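What follows draws every value from the coordinates through simple rules; no lab data is involved. Quick caveat: nothing in here was measured; it's all calculated off a predicted structure.
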């Protein structure tokens with residue numbers, strides 16, 4: 001959802017805002033030749049979650065949890 005202002009839950013709205021900015025940052029980094037950036041969501045077998053993983057050149061670069 002690109003218009004996070006339509007999300008009623010404040011926590012979900014904030015997470016959506018951050019997702020949009022991380023996505024644009026990944027696109028900019030890739031387009032400008034800094035590296036190949038990708039954005040992921042992470043969950044392990046025990047169902048523990050991290051909201052965002054940014055990968056640079058197929059290596060973990062940033063993990064972020066939104067609260």
### Message
Looking at the chain as a GNM with Cα springs under 10 Å, which of 49, 38, 15 has the largest mean-square fluctuation?
### Response
49
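May I have the convex hull volume per residue, in Å³, for the Cα set of the chain?
Numbers: hull volume 5.8 nm³, N = 67.
Looking at the chain, the number lands at 86 Å³ per residue.
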### Query
Can you tell which of 40, 22, 52 shows the greatest fluctuation in a Gaussian network model of the chain with Cα springs below 10 Å?
40
### Task
Only helical DSSP H runs with n ≥ 4 go in: add -39500 (n - 2.57) per run for the chain, normalise by residue count and round the 222 nm mean residue ellipticity to 500 deg cm²/dmol.
-11500 deg cm²/dmol
